[in-house]
Amino acid sequence: SAVISQKPSRDICQRGTSLTIQCQVDSQVTMMFWYRQQPGQSLTLIATANQGSEATYESGFVIDKFPISRPNLTFSTLTVSNMSPEDSSIYLCSVAYTTNTGELFFGEGSRLTVL
Amino acid sequence: AQSVAQPEDQVNVAEGNPLTVKCTYSVSGNPYLFWYVQYPNRGLQFLLKYITGDNLVKGSYGFEAEFNKSQTSFHLKKPSALVSDSALYFCAVRSTGRRALTFGSGTRLQVQP
């Protein structure tokens, strides 16, 4: 299985600031995704991070709020912009491999608290 | 569109007893079904999946799940629960045309000693 490292693991941020979360995988993957898990809730897909091109966002999520980069096959970043307390969540990076028949692998998440 | 329903917010079971965590799904075409477990302050760990073949699939830590196409269900089971099984369990689905997973609301499993 993949080794997926996320930084930071947790942070406390002030309203109106932005924070960038990094996701590093130990081997090349075909697809990378970013999910959000709000307190006590399930996982919601934010976007698919596409290598070398703009991310594909799900309904309800926009690039201005959640800009995503994926410069190569092992690294991606998610920025949470102009944060408000409603952005307090766990943000999870997830990956899929070329030969993988279905399951996604997840990082341990980045827990953001916005004051 | 694809969706997953986990009708129970919490399941309580005594250690040593069998456990079942329920999941039903809706998807266009053939479903790919998954179970994940989340321990406190941890990411999601993959337990098992159904892609095709036998309706009963076996996974990690003694868990298994039964795919029932007519009932569109994929219930997670374990013959004998352990206190260490206490965690949050998520069912997920995807269709053949989509790579990302759609998750259910989660079921908290509490195993009492």
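The values are calculated or read from the model by the stated rules, or taken from the named source; none is laboratory data. As the structure is a prediction and not an experimental result, all values here were calculated from the model. Note that we place each Cβ from the backbone using ideal geometry, even for glycine, and neighbour counts take in every protein chain shown. Side chains included, ligands, DNA and RNA excluded: accessible areas come from the protein's heavy atoms. Shrake-Rupley method; radii C 1.70, N 1.55, O 1.52, S 1.80 Å.
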Exercise. Please build a GNM for chain B, connecting alpha carbons under 10 Å apart, and tell me which residue among B:22, B:69, B:78 fluctuates the most.
Key: B:69
Exercise. Run the accessible area of the protein assembly as shown with a 1.4 Å probe and give the carbon-and-sulfur part as a rounded percent.
Key: 47 percent
Quiz item: Applying the Karplus parametrisation 6.51 cos²θ - 1.76 cosθ + 1.60 with θ = phi - 60° to the phi angles of the stretch A:28-37, what ³J(HN,Hα) value in whole Hz is obtained for each residue in order, glycine and proline being reported as x?
Solution: 5, 10, 7, 9, 10, 10, 10, 10, 10, 10
Quiz item: If you take the beta carbon distance between residue A:84 and residue A:3 as r and set R0 to 30 Å, what does 1/(1 + (r/R0)^6) give as a FRET efficiency, to the nearest 0.05?
Solution: 0.35
Exercise. Under 11 Å from the Cβ of residue A:108, count the other residues' Cβ atoms, weight Lys and Arg +1, Asp and Glu -1, and hand me the total.
Key: +4
Practice problem: Find how much the distance from residue B:39 to residue B:77 grows on full extension, using 0.36 nm per residue of separation minus their present alpha carbon separation; answer in nm with one decimal. | Solution: 11.9 nm
Self-check item: Accessible surface, the protein assembly as shown, averaged per residue in Å² (probe 1.4 Å)
Solution: 46 Å²
Quiz item: So what is log10(I(q)/I(0)) for the stretch B:3-112 at q = 0.10, 0.15 1/Å, when the Debye sum runs over its Cα atoms only?
Solution: -0.25, -0.57
Quiz item: Going by a ≥ b ≥ c, the root eigenvalues of the Cα gyration tensor, does the stretch A:26-96 fall in the rounded group (a/c under 1.5), the prolate group (a/b larger than b/c) or the oblate group?
Solution: prolate
Quiz item: Considering every residue in B:94-104, what mean count of other chain Cβ atoms within 10 Å of its Cβ is obtained?
Solution: 4
Practice problem: For a label point 7 Å from the Cα of residue A:14 along Cα→C-beta, name the residues of the stretch A:62-95 whose backbone N is under 16 Å from it. | Solution: A:82-85
Quiz prompt | For the pair B and A, total buried accessible area rounded to nearest 100 Å², probe 1.4 Å | solution = 1700 Å²
Quiz item: Where nothing but the Cβ of Lys and Arg (+1) and of Asp and Glu (-1) is charged, how large is the charge dipole of the stretch A:26-96 around its Cα centre, in debye to the nearest 20?
Solution: 80 debye
Quiz item: Across peptide A:102-111, what mean number of C-beta atoms from other chains lies inside 10 Å of a residue's C-beta?
Solution: 6
Quiz item: Say the dipole of the stretch B:42-113 comes from +1 at the beta carbon of Lys and Arg and -1 at that of Asp and Glu; which of B:100, B:45, B:68 then lies farthest toward its positive end?
Solution: B:100
Quiz item: Along the positive direction of the dipole of the stretch A:13-115 (beta-carbon charges: Lys, Arg +1; Asp, Glu -1; about the Cα centre), which of A:24, A:63, A:51 reaches farthest?
Solution: A:63
Exercise. Please identify, among A:78, A:45, A:92, the residue showing maximal mean-square fluctuation in a Gaussian network model of chain A using a 10 angstrom Cα cutoff.
Key: A:45
Quiz prompt | Minimum 30 Å² accessible area buried by the other protein chains, the stretch A:38-66 residues, probe 1.4 Å, relative to alone | solution = A:42, A:43
Exercise. Quick one: dipole size for the protein assembly as shown, taken about the Cα centre, charges +1 on Lys/Arg Cβ and -1 on Asp/Glu Cβ, in debye to the nearest 20.
Key: 120 debye
Quiz item: If you take the charge dipole of the stretch B:3-112 about its Cα centre, with +1 on Lys and Arg Cβ and -1 on Asp and Glu Cβ, which of B:18, B:59, B:33 is farthest toward its positive end?
Solution: B:33
Quiz prompt | Kirkwood-type radius of the protein assembly as shown, with distances r between different C-alpha atoms, in Å | solution = 18.2 Å
